1. Counting only residues that are under 10 Å from the mean Cα position of the chain (by Cα) and buried (at least 17 other Cβ atoms within 10 Å of the Cβ), give me the helices (runs of 4 or more DSSP H) lying completely in segment A:22-69 with at least 3 of them.
2. Of all residues in segment B:6-37 being of a type in the set (Gly, Ala, Ser) and under 19 Å from the mean Cα position of the chain (by Cα), which is farthest from B:Ser121 (Cα to Cα)?
3. Out of all the residues in segment B:31-41, which are out of contact with any Leu (no Cβ under 7 Å at 6 or more places or on another chain) and either on the phi > 0 side of the Ramachandran plot or free of Cβ contacts under 8 Å to residues at least 24 places away in the same chain (or both)?
4. Return the pairs, sorted by first residue and then second, in which the second residue is aromatic (Phe, Trp, Tyr), the first residue lies in segment A:22-40 and is facing chain B (nearest Cβ under 8 Å), the beta carbons are less than 6 Å apart, and the residues are 6+ apart or on different chains.
5. Please pick out the residue among B:Ser81, B:Ser131, B:Ser126 that is surrounded by 15 or more Cβ atoms within 10 Å (Cβ to Cβ), over 30 Å from A:Ala49 (Cα atoms) and in contact (Cβ under 8 Å) with a residue 24 or more places away in the chain.
6. Just to be sure, is A:Glu17 part of a helix (DSSP H, G or I) and exposed (fewer than 15 other Cβ atoms within 10 Å of the Cβ)?
7. Kindly provide the set of residues from segment B:6-58 that are of a type outside the set (Val, Ile, Thr), within 30 Å of A:Ile34 (Cα to Cα) and surrounded by fewer than 18 Cβ atoms within 10 Å (Cβ to Cβ), ordered by number.
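The values are calculated or read from the model by the stated rules, or taken from the named source; none is laboratory data. Predicted, not measured: the structure shown is a model, and the values here were computed from it. Here Cβ is always computed from backbone atoms with ideal geometry, including for glycine, and neighbour counts include all displayed protein chains.
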Amino acid sequence: MGRIENRIRRLRFDHDEMTQEELASRAGCTRQTIIALEQSKYVPSIELAFRIARAFDTPLEEVFQYEDS
Amino acid sequence: MAPLQRRALYSFVIGLVLTIALIAVFAAQGDITAFERDPNLRLVTYAVLIGVPLIYLILVNLTLRKPTQFDERDRLIIEKSSRAQWLAVIFTLVVWTIALTEVYQDQGQVPLTFLKLIFTSTLIISTLAHSFGILVGYWDINRNG
């Protein structure tokens, strides 16, 4: 089984230290989901993953990476 | 705490307090037939019967329209909590069935009051179990992902 990692925290920092609240608002999800994603405790749906990537104006694979274990 | 989680907690606590109050009133009356005799007891029962699902509806359902308050993760938890609700309903009916059978086996009939009480208790427990299921769902997803 592989593992899905993400760079959300890093990307928030790179985007003028965007707050979790602001990212949640842009991606259309709750702040708690952003927290869970950053802690790798939740794997989003494809749709939410695309919305998060769009919020950063970056390709999906820049945000989420699939890693073989 | 997520908005849905907070509202489920409020709903559960208020529902639990109302239910305990109802049980206390029944216990104070000392007899189940008081439900038929005492109009005040019926009023309290009906208030709880309507109040608990109404509070649940207002707190959990109606306030979760915004995407920043309710998203796919919350939806996943709600779906899982339905399992707890279903189990609680089945368990309640099993308990009623066994208890009434054992108590009224010799008489061969059960007082009509129990029909209303079975319905009332099942509805209240169903609502409480859904709130409880949501709380457990958040606890589980925050712990295990």
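1. By residue number, A:31-38, A:46-55.
2. Step by step, filter segment B:6-37, then rank; the result is B:Ala8.
3. B:Asp31, B:Arg37, B:Asp38, B:Pro39, B:Asn40, B:Leu41 - these are the residues of segment B:31-41 that are out of contact with any Leu (no Cβ under 7 Å at 6 or more places or on another chain) and either on the phi > 0 side of the Ramachandran plot or free of Cβ contacts under 8 Å to residues at least 24 places away in the same chain (or both).
4. Taking only residues 6 or more apart or on different chains, the pairs are A:Ala36/A:Tyr42.
5. On the way: B:Ser81 fails: over 30 Å from A:Ala49 (Cα atoms); B:Ser131 fails: over 30 Å from A:Ala49 (Cα atoms).
Matching residue, one of B:Ser81, B:Ser131, B:Ser126: B:Ser126.
6. no
7. Across segment B:6-58, the qualifying residues are B:Arg6, B:Leu9, B:Tyr10, B:Leu57.
This table checks each residue for (1) within 14 Å of chain A (Cβ to nearest Cβ); (2) modelled with pLDDT of 95 or more.
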residue: B:Ile58; (1), (2): no, no
residue: B:Gln69; (1), (2): yes, no
residue: B:Asp74; (1), (2): yes, no
residue: B:Ser81; (1), (2): no, no
residue: B:Ile90; (1), (2): no, yes
residue: B:Val103; (1), (2): no, no
residue: B:Val110; (1), (2): no, no
residue: B:Thr127; (1), (2): no, no
residue: B:Phe132; (1), (2): no, no
